[in-house]
Each structure stands twice: as C-alpha cells, then as structure tokens.
Amino acid sequence: MNDTATKVILFSYTNYPSLITNLEKEGVKMGQNDLLRHGSFTFDLQGVSRAASHQIVRHRIASFSQQSQRYVKITRSYGYLKPSGIPEDLKVPVEIHGQKLDLNFSDVMDLTRQAEEGLVAKGIKAEDSRYLRPNAATTNIVMSMSPRQLVHFFNLRCAPDAQWEIRDLAWSMYAAVSLVAPQVFGPLPAADESDYIKKRVLLVSDLVQKQTEMFEKTPPGELFQLELQPYLDFAHPVDGFVRKY
C-alpha cells in the first residue's frame, strides 16, 4: 500500500568518541578533515520508490545492497509511493482497445500489479514479468558512506531544488548522523549559500538537542525513533531510527 511510512534506519556507525580517545592514546591527533575521512555510516532505507533509489545509487563513492526485484515475490499488497502532488481523486482518461476509462494514480498502480501477477501465473518468469513494474514501486536499499561523502550527499540532496522524496530521505539521514556524531556533522557547507538549508540545519540542531538525553538512555542494541515531524515538514511520511550502541 502507499500509506506506509518510509523508514530511514541508521544501524551502523563509527563511534567517534572511542576512536578519538584510542588514537590520542597512541599520540595521534585528528582534526576535522581527518574525522571526515575516517569512519562509516550504514543506513537501511525501507519503502523508497525505485525512482528515488535510481538517484541514490548515482552516488558512486558508496556501497549499496538493494532488494532484488528478480526474486522477491510480488503480491497485491506490494507497496508503491504516491507523490503528494497528485491528488487521489484526480483521474486521467485512458483508452484500451477502444474502451475509454478514467483512472486515478492508485488504479494504475493496481493494474500494473495485477498484470505482473497475471504474467507470473501464466508461467512467465518473474524476472521478465517485473518489467511492468512502475518507478513508484517501493524497494529497500542499504547504503554505506564515509562522512565526507555524506556531507557531499547532503549538500546536493538537502537542497530546495532536490527531488522531494530524496530530499526527505536526506534530511532524515542528516538528523540521524547529527545525533550520533555531532562532532563530525555540523552545519552543512551548502548553508552558506542557501537560507533554506541554513534554516533547516538549525531545526535539525534543535530537534537533536531535545532528543539527545532520551537517546543516551536507550538500551544498547535497541532502535531509537527520532521525532522528525512536524519539525521538518516532509512531503511524505518518513520515520527515522538510530540503533543505539
């Protein structure tokens, strides 16, 4: 269905306080540029559209593992993500073999699911039947990046002219890394040129400060849910989580 929130889960990240302490014991001092070069952050992004995942994997200096469309079984409950800019009651005329129909976005998504299932039921390989699947279909993707590459990602994808879905993801990710590594992720460089980014960086800083104490009390291994709304006014529902070490 399209009413399930996208999930952004930061489930693995460098423990910078421990790293810095251990290095200092060995006589190694790390400046800000050193912190950006060393470290890794791994996100589990669930329920993102194929349209957004295509944009994400364009960031080449990163590691990705994406849910297979070739082997994952498709059912009528297979998810999709509807842009908020398309009203649910908006219908467009289509013509099939001379028969005219008025369909809304959900109707079209349901038709593609039925057609894909129908091909599989008739013996067509799933890897071929999936060619019917639209860019709105949701997928899951795991992404790992260094802090330096994440800053580059944020500068591009947090911008006001970024595509709405990936912008929501980027701000959720920025809030998560700001919570676990505030000494590494400060104000974004792009904030110097964008009042929009500058304002939202301050909003993230505020929400992180309000939730740091609760995060610190979270038992190790459990997921802490960030309160992102209504602070960041996303274009679609996004739930952010951080795994506590």
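The values are calculated or read from the model by the stated rules, or taken from the named source; none is laboratory data. Predicted model, so just to flag it, every value in this text is computed and none were measured. FYI the Cβ positions are ideal-geometry reconstructions off the backbone, even for glycines, and counts take in every protein chain you see. Remember, those area values only see protein heavy atoms, side chains included, never the ligands or the DNA or RNA. Shrake-Rupley method; radii C 1.70, N 1.55, O 1.52, S 1.80 Å.
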Give the residue list of trypsin sites (Lys or Arg not before Pro) in the stretch 187-245 that are DSSP loop and have at most 12 other beta-carbon atoms within 10 angstrom.
Lys217
Would you calculate the convex hull of the Cα atoms in the stretch 131-245 and tell me its volume per residue in Å³?
124
Sort largest first and round to whole Å: the equivalent ellipsoid semi-axes of the chain, each the square root of five times a Cα gyration tensor eigenvalue.
39, 20, 16
Please report the carbon-and-sulfur percent of the accessible area for the stretch 106-160; probe 1.4 Å, protein heavy atoms only, DNA, RNA and ligands left out.
56
How large is the accessible surface of Leu202 in square angstrom, using a 1.4 angstrom probe and rounding to the nearest 10?
120
Accessible area in square angstrom per residue, the stretch 127-197, 1.4 angstrom probe:
37
Per GNM of the chain with C-alpha springs under 10 angstrom, the most fluctuating residue out of Thr138, Thr14, Thr212 is Thr212
Relative contact order of the chain, please, whole-number percent, based on alpha carbon pairs below 8 angstrom and at least 6 residues apart.
27
Exposed GluC sites (Glu not before Pro) absent: longest stretch of the chain, with sites in DSSP loops and at most 16 other Cβ within 10 Å deemed exposed
89-192
